[in-house]
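This report concerns only the one structure given below.
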Amino acid sequence: MSEGVEWALHSCVNLAWAGPDRAVSAARLAAWHELPAAYLNKQLQALARAGIVTSTPGPRGGFRLARPLDRITLMDVVAAVEGPEEAFRCAEIRQQGPGGGPPSAFSADCAIAHAMTRAELAWRRELAAQHLDEIRQQAERQAPQAPQRLRDWLAAH
């Protein structure tokens, strides 16, 4: 999974803390964590295409959440940034080299591919079961001052 997923998840929580009335530019969101703005903007555009955030152009434009955090799952963000493809893709290397043979010799599914598919389904179910509002709540328990620090910083910059 790319670091863009982490950046996108933090950006969603930060947008929630900024509030629904404030659009925040990619540059400002990037500056908050000292990230490259152009790369973060790509993640934010992916979130916008997925309907997780909205984008408003112009000097007072920026990003806002398109829906509440309790309606955005971790899987929503992962799929938006990484795409819907499976993480593991079996290339059927068991059919290559001296141990290989004709495809008919391998009629059963690859045991490794089968195990990886089961693991990925479990991983995706877990991500789909957790909403970003749960993450926000945990972050606020760990750092109760974080939301106000972000709002104060945004107001000053």
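The values are calculated or read from the model by the stated rules, or taken from the named source; none is laboratory data. Computed from a prediction, not measured in an experiment: that's the story for all the values here. Cβ placement follows ideal geometry from the backbone for every residue including glycine, while neighbour counts extend to all protein chains displayed. Surface accessibility is based on the protein's heavy atoms, side chains included, excluding ligands, DNA and RNA. Shrake-Rupley method; radii C 1.70, N 1.55, O 1.52, S 1.80 Å.
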Across (1) farther than 18 Å from LEU9 by Cβ; (2) part of a helix (DSSP H, G or I), GLN43 clears everything bar (1)
Over segment 82-131, the set of residues touching a Ser or Thr at 6+ places or on another chain (Cβ under 7 Å) and in a helix (DSSP H, G or I) is GLU82, LEU127, ALA128
Cβ pairs under 6 Å, 6+ apart or interchain, first in segment 55-70 and touching a residue at least 60 places away in the same chain (Cβ under 8 Å), second surrounded by 12 or more Cβ atoms within 10 Å (Cβ to Cβ) and of a type in the set (D, E, K, R), ordered by first then second residue, are LEU69/ASP133; LEU69/ARG136; ASP70/ASP133
Across segment 135-157, the tally of residues that are closer than 25 Å to ARG71 by Cα, in contact (Cβ under 8 Å) with a residue 40 or more places away in the chain and open to solvent by 60 Å² or more (accessible area, probe 1.4 Å) stands at 1
Checked LEU121, LEU127 against criteria (more than 19 Å from LEU29 (Cβ to Cβ) and open to solvent by 60 Å² or more (accessible area, probe 1.4 Å)); the one match is LEU121
Scanning segment 52-67 for residues that are open to solvent by less than 30 Å² (accessible area, probe 1.4 Å), assigned to a loop (DSSP other than H, G, I, E, B) and modelled with pLDDT of 95 or more gives ILE52
